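**Student:** One structure, as structure tokens, below. Some questions next.
The values are calculated or read from the model by the stated rules, or taken from the named source; none is laboratory data. Since this is a predicted model, take the numbers as computed values, not measurements. To get the accessible areas, we keep the full protein, side chains included, count just its heavy atoms, and leave off ligands, DNA and RNA. Shrake-Rupley method; radii C 1.70, N 1.55, O 1.52, S 1.80 Å.
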Amino acid sequence: MSVALVTGANRGIGYETARQLVELGHLVYIGARDAERGGEAAASLGARFVQLDVTEDLSVAKALGTIGDVEGQLDILVNNAGIQEFGDIDGPMALRAFDTNAVGVVRVTEAALPLLKKSSNPTVVTVSSSAGSFWAVNNPDRVESQLRNLLYAASKAAATMLTVQYAKSHPDIKFNALEPGYTATDMTAAFDGGRPPAQSAQTVVRLAALAPDGPTGTFQDEDGHLHW
């Protein structure tokens, strides 16, 4: 049984990713800042809960320490936690966006590396966004070219680059980033439309369940590789 950790998994795409991984037979840890909501989510799925705030070093260290003490290894890490803020942009807002969407990936990944290296098939998936793709935002045929979301887009571009660089630095671990598709979640509540989180989670799960010879260092969506 593979051991998986999904950050920001008490709702939305993270929750559905955890649910589908549990259904596939994986032992899943739900990481969430809110202990009550995270615990309830884990209980509803037959998963396990660890309190994990990706913006706090101690919280991340404790969460991965708990998994290490109980399981001894980690096979799948899904960096899903993220934020999207609205309003007048300033320094503190920029720091929050990058601290969660990019630095959070570093905190969790670095803490998880010793456990991932104990797995026979370690895999890391980062939920990024095509809003951070230079190709997409400059392509008039893509909806991303019409988006105006400076901090979210820039921090997700950083998350994708981190994924590529981690793949180069740790060739024994598969690292892939993805665009999950426009999804109706709390994060996108200010916008109309969006598909069910369960549909978007399918791409996350596909990349999380790669075979040992699967791709690494890629940026993908449900149709395959994306330019960025």
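**Student:** Mind putting together the pair-distance distribution for segment 41-99? All Cα pairs, 10 Å bins, whole percent per bin, short to long.
**Tutor:** So the P(r) values, bin by bin, are 17, 41, 27, 14, 2.
**Student:** Test of understanding: in a Gaussian network model of the chain with alpha carbons linked when under 10 Å, which of Val28, Val50, Val70 would top the mean-square fluctuation ranking?
**Tutor:** Comparing Val28, Val50, Val70 in the GNM, the peak value goes to Val70.
**Student:** Which far-off residues, 5 or more places away or on another chain, put their amide H under 5 Å from the one on Phe49, with H placed in the peptide plane?
**Tutor:** For Phe49, the qualifying residues are Ile30.
**Student:** Please report, in whole Å, how far the alpha carbons of segment 3-47 spread along each principal axis, starting with the longest.
**Tutor:** 26, 17, 15
**Student:** Per residue, how big is the convex hull of segment 79-195 when only Cα atoms are used? Give it in Å³.
**Tutor:** Taking only Cα atoms, segment 79-195 has a hull volume of 119 Å³ per residue.
**Student:** Something else about it: Suppose all protein chains stay in the model; what accessible area per residue would a 1.4 Å probe give for segment 1-113, in Å²?
**Tutor:** 43 Å²
**Student:** First compute the accessible area of the chain with a 1.4 Å probe, then give the percent of it belonging to carbon and sulfur atoms.
**Tutor:** Carbon and sulfur: 53 percent of the exposed surface of the chain.
**Student:** Output ³J(HN,Hα) for segment 41-58: one whole-Hz value per residue in order, computed from phi by the Karplus curve 6.51 cos²θ - 1.76 cosθ + 1.60 with θ = phi - 60°, and x for Gly and Pro.
**Tutor:** For segment 41-58, the Karplus-derived couplings read 4, 4, 4, 5, 9, x, 9, 10, 10, 10, 5, 8, 10, 5, 9, 10, 4, 5 Hz, x marking Gly and Pro.
**Student:** Give the percent of DSSP beta bridges with both residues in the chain that are antiparallel, rounded to the nearest 5.
**Tutor:** Around 5 percent antiparallel, to the nearest 5.
**Student:** Shifting gears a bit: Amide H of Asp221: which non-local residues (sequence gap of 5 or more, or other chain) have their own amide H closer than 5 Å, using H built in the peptide plane?
**Tutor:** Glu179, Leu226
**Student:** Here's something else I'd like to know. Quick one: work out Rg over Rh on the C-alpha atoms of the chain, Rh as Kirkwood radius.
**Tutor:** 0.94
**Student:** Can you give the angle from 0 to 90° between the axis of helix 150-169 and the longest principal axis of the chain, with both taken from C-alpha atoms, to the nearest 10?
**Tutor:** Between the helix axis and the principal axis of the chain, the angle is about 50 degrees.
**Student:** Right, something else. If you build a Gaussian network model of the chain, linking Cα atoms that sit under 10 Å apart, which residue out of Ala198, Ala153, Ala131 swings the most?
**Tutor:** Ala198
**Student:** I would also like to ask the following. Defining a contact as two alpha carbons under 8 Å apart and six or more residues distant in sequence, what relative contact order in percent does the chain show?
**Tutor:** Reported as a whole number, the value is 19 percent.
**Student:** Right, next: For the chain, what does the helix formula give at 222 nm: sum of -39500 (n - 2.57) over DSSP H segments with n ≥ 4, over the residue count, nearest 500 deg cm²/dmol?
**Tutor:** For the chain, the value works out to -13000 deg cm²/dmol.
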